[in-house]
Structures are given as structure tokens and as C-alpha cells.
Amino acid sequence: MMLGQAMGIAAIANLDRPGMLIPAVVGLGISGGCFGTLTTVVLPRFFGRAHLGAIAGVQMMVIVIASALGPSLLANFKAITGSYNGGLYTCCLFAPIVIFLMLFVQPPTARKANRR
């Protein structure tokens, strides 16, 4: 999901070059398509079903806040540099950071997941 998102955002930063529309659509399509599936599978697996509503609420809050901060970041890059590209490339940096942090996530044991 994160690699697709990085590919899509990097392609958007280069839409003025020929042939970048397809990688943008494919990358963001992969990312968006994986989001619902991963959310549906990963949240109950890692946190159990007992507090799934509260966890999904926090997740949605983070998405809404990020949706407000993202355009501000891009607008600041546009105002300072005259282009959105720096902001788009900055957004691409989140993908490797998330992928790196995922290496340290310990999957739950089957017994722990069933108790919750």
C-alpha cells in the first residue's frame, strides 16, 4: 500500500512528463484499494474486536487531521518555491518511514488476539 502511494505521488509530481498519468493512477489505485482491506483485516487482528469502534474512530480522526494538514503543506511549498513538487516529494518520504517502522511491529499471537 505504501509503495503504491509513494509511486502515485511521485508520478503526480512529474505529470508534466509523458507517460506519468498511468503510474499515478495505478499507484494511487493500489494504495486506495489496499486501504479498506488492510483496515478490515489488520485492526481486529492486532487489537481484537472489543474496542474496534473506538480504534476506528481514532483512525478516522487521524485521517481527517492529515487531510487538513496535507493541503497546507503543499500550499506552503507552492508559496515558498513556486511549485508543489517539493511538497509532493516530502509526502513520498512517509512511505519508507512507515515501511521501516513496520519492521518493528510484533504480530499478535493467536491466543492474545482471541482473548480480546
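Every number in this text was worked out from the coordinates using simple rules, so none of it is lab data. Fair warning: this is a prediction, and the values are worked out from it, not measured in the lab. Please note: Cβ atoms are built from the backbone with ideal geometry, for glycine as well, and neighbour counts cover all protein chains shown.
General observations
- In this calculation the C-beta distance from L52 to F100 is compared with R0 = 35 Å, giving a FRET efficiency of 0.85.
- Three-way shape call for segment 1-68 based on the alpha-carbon gyration tensor, with the a/c threshold at 1.5: prolate
- Whole-number percent relative contact order across the chain, with pairs defined as alpha carbons under 8 Å at least 6 apart: 36 percent
- Degrees separating the helix 52-81 axis from the principal Cα axis of the chain, which is the longest one: 10 degrees
- Remark: C92, C34 ranked as C34, C92, counting other beta-carbon atoms within 10 Å and listing the fewest first.
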